[in-house]
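Quick notes on the structure that follows.
The values are calculated or read from the model by the stated rules, or taken from the named source; none is laboratory data. Model, not experiment: these values are computed from the prediction. Cβ placement follows ideal geometry from the backbone for every residue including glycine, while neighbour counts extend to all protein chains displayed. Ligands, DNA and RNA are excluded from the accessible area calculation, which covers all protein heavy atoms including side chains. Shrake-Rupley method; radii C 1.70, N 1.55, O 1.52, S 1.80 Å.
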Amino acid sequence: MPLSRPISPQAPQVRWRALAGMALALAALLASGAAWADPPGRVGRVADTDGTVWFYDDEEGDWIQPRRNRPLTEGDRLSTERGARAEVQVGSATLRLDGGTDIEFVQLDDDRVRVRVLGGSVALRVRGDSAREFALLAAEGRYEPLRAGRYRVDVRNDGSFGAALSGALRFEARDSVLDLAAGQRAEFWVERGQ
């Protein structure tokens, strides 16, 4: 006598529903994987301020004065009024903002630090192997340290200046590349139509 048990007519439907439910749960789990990803281990912080310094707070939708050690992440903006100064630490690197400077952290994660200089003057000091991870962005192009050193980028209405105080700095635009050795400074601009 064969061993078998009768299968109810609803059993295949129940199995398909269970499989469909598990597939939907798995899809939702995979889609939310990005939410489970670890946040970047590298953030910046406001190390010091002198004078009136502003931070754009997305939650408030307004500019506020940052406190010392305030964390900075991708998308954050920092601005100094004329005569003010600010210092930002990102790992072993230091960014110093002169008065009348406005910056935005375009990328700040474990791989890269890209800071858009919207106006003003930024001094960057990088140590060790992290130099190639940094970039200062201006309308004319991108300034990238090639090795540890001290650098300065000034952004004005009519162009930008890059200087390698020590180390070596590369400027890249769509149509040109220029390396600056220690002690060299260069001016870059984009010709605008009349």
Q | Residues (more than 18 Å from the chain's Cα centre (by Cα), buried (at least 18 other Cβ atoms within 10 Å of the Cβ) and not in a loop (DSSP other than H, G, I, E, B)) located in the stretch 59-82 | A | THR80
Q | In the stretch 45-81, residue farthest from VAL106 (Cα to Cα) [restricted to those that are modelled with pLDDT of 95 or more and small (Gly, Ala, Ser)] | A | GLY51
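Can you name every residue in the stretch 101-111 that is within 17 Å of ASP76 (Cα to Cα) and assigned to a loop (DSSP other than H, G, I, E, B)?
Initially, the stretch 101-111 is screened for residues within 17 Å of ASP76 (Cα to Cα), giving 101-110.
Correct list: THR101, ASP109, ASP110.
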Q: Consider only pairs whose beta carbons are under 8 Å apart and that are at least six residues apart or on different chains; among these, list those whose first residue lies in the stretch 67-80 and is under 8 Å from ARG45 (Cβ atoms) and whose second residue is in a loop (DSSP other than H, G, I, E, B) and modelled with pLDDT under 95.
A: PRO71/VAL43; LEU72/VAL43
**Q.** Residue in the stretch 98-107 that is open to solvent by less than 50 Å² (accessible area, probe 1.4 Å), within 14 Å of the chain's Cα centre (by Cα), within 19 Å of PHE171 (Cβ to Cβ) and in contact (Cβ under 8 Å) with a residue 40 or more places away in the chain present
**A.** no
Q) Taking ARG114, is it in a strand (DSSP E or B) and of a type outside the set (Val, Ile, Thr)? A) yes
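So that you can scan it fast, the table gives a plain yes or no per residue for (1) of a type in the set (A, V, I, L, M, F, W, C); (2) open to solvent by less than 30 Å² (accessible area, probe 1.4 Å):
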| site | (1), (2) |
| --- | --- |
| GLY44 | no, yes |
| ASP50 | no, no |
| ASP57 | no, yes |
| ALA84 | yes, yes |
| VAL88 | yes, yes |
| GLY91 | no, no |
Q. Within the stretch 126-148, which residues are open to solvent by less than 30 Å² (accessible area, probe 1.4 Å) and not in a strand (DSSP E or B)?
A. SER130, ALA131, GLU140
